[in-house]
Amino acid sequence: MVKVGLTGGIGAGKSEVSRLLASYGAVIVDADKIAREVVEPGTPGLAAVIAEFGEDVLSADGTLDRPKLGTIVFTDPQKLQALNAIVHPLVGARSAELEAAAGPDAVVVHDVPLLTENGLAPLYDLVVVVDATPDTQLDRLVRLRGMAESEAKARMEAQASREKRLAIADLVIDNDGPLEALEPQVREVWQNLRDRTG
């Protein structure tokens, strides 16, 4: 088994790289997806979030109002830390379960947005960073995701710098260009990862 940490700044295109790797046969362990699962209604995770942030972070249907919680935590480092202290251990436990279920010759790709910030690089056999310039990231967040520029900048600033991400990279995928330039790079990375499984 090869354990890969996949990361990149918000808007860099990590989700697209993850999707391509999955299409080639990688087992994807998506930290963001798991982070949503561990705070679904009825979970201990959601109960802990409510205990920390109050009932105001719930939607009318009893689910977590993620945009509302986001506006609270992305402007206050202490509140972000409190949220991470609840969610990260739950995500870690579920990720370990999914990894254990993969076969011995699998390429297991952990899609982890905050890999750099949380010092997780040593947990993986290698780290793949999806890279784009801050201008490209901002453009994608505003144009494609419909974020206000101020919100997009706040989210980018809450993450590690581009330089810090690149410093931990074993392999870098340059996603500053068009989508068609991405696929050949991802295929090359996939071949590299398959070679490592013998």
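The values are calculated or read from the model by the stated rules, or taken from the named source; none is laboratory data. Since the structure is predicted, the reported quantities are computational estimates derived from the model, not experimental observations. Note: ideal-geometry Cβ built from the backbone for every residue, glycine included; neighbour counts use all protein chains shown. SASA here: full protein model, heavy atoms, side chains in, ligands and nucleic acids out. Shrake-Rupley method; radii C 1.70, N 1.55, O 1.52, S 1.80 Å.
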Report relative contact order for the stretch 1-86 in percent, whole number only (criteria: Cα-Cα under 8 Å, sequence separation at least 6). 16 percent
Could you tell me how many cubic angstrom of Cα convex hull volume the stretch 111-152 has per residue? 88 Å³
Cβ-placed point charges (K, R +1; D, E -1), dipole of the chain about Cα centre in debye, nearest 20: 80 debye
Working from Cα positions, state the angle (0 to 90°, nearest 10) between the long axis of helix 182-196 and the longest principal axis of the chain. 70 degrees
Do you know the relative contact order of the chain, to the nearest whole percent, from alpha carbon pairs under 8 angstrom that are 6+ apart? 38 percent
For residue 80 the rounded accessible area (nearest 10 Å², probe 1.4 Å, non-protein molecules ignored) is 40 Å²
Calculated diffusion of the stretch 1-73, Stokes-Einstein form, Kirkwood radius summed over Cα pairs, 37 °C and 0.692 mPa s, µm²/s: 229 µm²/s
Between residue 139 and residue 125, 0.36 nm times their residue separation minus their Cα-Cα distance comes to what? 1.8 nm
I'd like to know which of 85, 75, 48 lies farthest towards the positive end of the charge dipole of the stretch 1-146, counting +1 on Cβ of Lys and Arg and -1 on Cβ of Asp and Glu. 75
Just the number, please: percent antiparallel of the DSSP beta bridges in the chain, rounded to the nearest 5. 5 percent
Charge dipole (debye, nearest 20) of the stretch 144-186; +1 at Cβ of Lys and Arg, -1 at Cβ of Asp and Glu: 240 debye
Rank these residues by their accessible area, most exposed first, probe 1.4 Å: 24, 124. 24, 124
Computed over the stretch 104-198, the relative contact order (Cα-Cα under 8 Å, seq sep at least six) in percent reads 38 percent
Between residue 75 and residue 88, 0.36 nm times their residue separation minus their Cα-Cα distance comes to what? 2.8 nm
Suppose every K and R has +1 on its Cβ and every D and E has -1 on its Cβ; what is the size of the dipole of the stretch 46-151 about the Cα centre, in Debye to the nearest 20? 120 debye
Could you compute Rg(Cα) / (2.2 N^0.38 Å) for the chain, with N its residue count? 1.05
Probe 1.4 Å - accessible area at residue 147, Å² to nearest ten: 30 Å²
